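Remarks on the structure that follows.
Throughout, read-outs are computed from the coordinates displayed, never taken from laboratory work. All of these numbers come straight from a predicted model, not from anything done at the bench. As a convention, Cβ positions derive from the backbone with ideal geometry for all residues, glycine included, and neighbour counts pool all protein chains shown.
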Amino acid sequence: MGKILRKWEISEKVLAVVTDNAVNVVNAVRDMTEIQEQDGLTCAAHTMQLVVNEALACHQDIQEICQKAGKLVGHFRHSNVTTTDWQSKQAQLNIKSSKLIQSVKTRWNSTLEMLERLIANRLPISNVLTDRNVTTSIVARKLEITEVQWVQMEELVNLLRPLQMATTVFCGDNYSPASIVRPLIWKIVRHHMQPIPEDSDSATTFKIFVSTELGNHFKLTEWENFSNVSARLTASFLDPRSKNLEDELTETIQKVQEHVRTLLDAEPVNTTSNAEDDPRKAVHKTALEFLFYQPVRCLNDIESQLQAYLTEPQLRFDLDHLEWWKTRADKFPALAILAKKYLCIPATSASAERTFSTAGNIVTSKRNCLSPENVNMLVFLLQNKSVYA
């Protein structure tokens, strides 16, 4: 990796590298002197998958539900007679025709999809299992899911749903920055995974396990020394949607602000007058805009910028944080430079993996003579087709 950075002459431009949780990869990045932010940037989606896979085995009831669901789906998928009868009973009950989904170990979301599909088709499945012309009594007893287990299955689906939504946000086709990771994980831990009196024993165990493991993996409360302010924390502070760090500890907030001050002191800032400060050069839509034009007041002092930024109202999460910075870059020039660096760090490595998939779909056995240059151009065009459409 270091050789590639030096070959492309971008050693000083790479701020961070997002990796999976493999120890050898994490250590490799940590040992690279070319990378400015060397710690704590594992893929958020991969980390979430590790936590949920472990959580699905944290209680015997949850394990049994997943195992029984997998056996039931496997039976229907491997028996044409059963599948045909099931589809017939779907039609009789006016249930939308759909196939059962088998869970895959490498995609924990598939467990949620499997359980949701089973719940939606509970009645036709039960009808097939009780039809002795299709299913023998011995097989039916082996595949039977009790009423209590159906209730537990619905409870497990409700537990997994916020985690699935978080993963979808992290891996979205649209831009998902690292700044969103900690605020979102905090919301899951403090709101969605808080046990309530109505929870079953398995649900309580699941919530406590997920909260603990998410806290450990994302280092929500771990502090060793001042230099360990992570890139995610810095990015969250520079994101106007999460700049107040409201879910973080008071000690954490203080250390992050001090860390940003240190970064600002080391950052050269161009405080020269912008063309927009001159009303004769600025572009105006109307005569009133020209006559009432007021240039944006630039705060040259770093501490003044920081305090003014802190007093700005926090942006809602459904609004565009990049557009916010675009309109305030002249007011906070030093912070804007820092924001450009940290808000470009992605939450996951999913986009890079999708690019490899794109390349694999382009370079097929029938197109294996494409030159590297043409492959690069085709991948670029396909990945950016929405921009040029």
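Using alpha carbons only, the radius of gyration of region 39-138 set against its Kirkwood radius gives Rg/Rh = 1.09.
Within straight-line reach of Lys89, meaning a Cα separation under 19 Å, sit the following aspartates and glutamates at least 8 residues removed in sequence or on another chain: Glu116, Asp131, Glu144.
For region 4-59, the Kirkwood estimate of the hydrodynamic radius, built from every pair of different alpha carbons, is 12.8 Å. Couplings 3J(HN,Hα) of region 12-19, computed from phi: 7, 9, 8, 7, 8, 10, 8, 10 Hz, in residue order, whole Hz [Karplus 6.51 cos²θ - 1.76 cosθ + 1.60, θ = phi - 60°; x for Gly and Pro].
Is there a pair in Lys13/Lys326; Lys71/Lys105; Lys3/Lys340; Lys71/Lys142; Lys243/Lys341; Lys219/Lys255 whose C-alpha atoms are over 18 Å apart, and which pairs would that be?
Numbers: Lys13/Lys326 21 Å; Lys71/Lys105 14 Å; Lys3/Lys340 25 Å; Lys71/Lys142 9 Å; Lys243/Lys341 16 Å; Lys219/Lys255 15 Å.
Flagged as over cut-off: Lys13/Lys326; Lys3/Lys340.
What is the ratio of the Cα radius of gyration of region 92-141 to 2.2 N^0.38 Å, with N the residue count, to two decimals?
On the way: Rg = 13.0 Å, N = 50, 2.2 N^0.38 = 9.7 Å.
My calculation over the Cα atoms of region 92-141 gives 1.33.
Here is the list for region 1-36: trypsin sites (Lys or Arg not before Pro) lying in DSSP coil, each with at most 16 other C-beta atoms within 10 angstrom of its C-beta, are Lys13.
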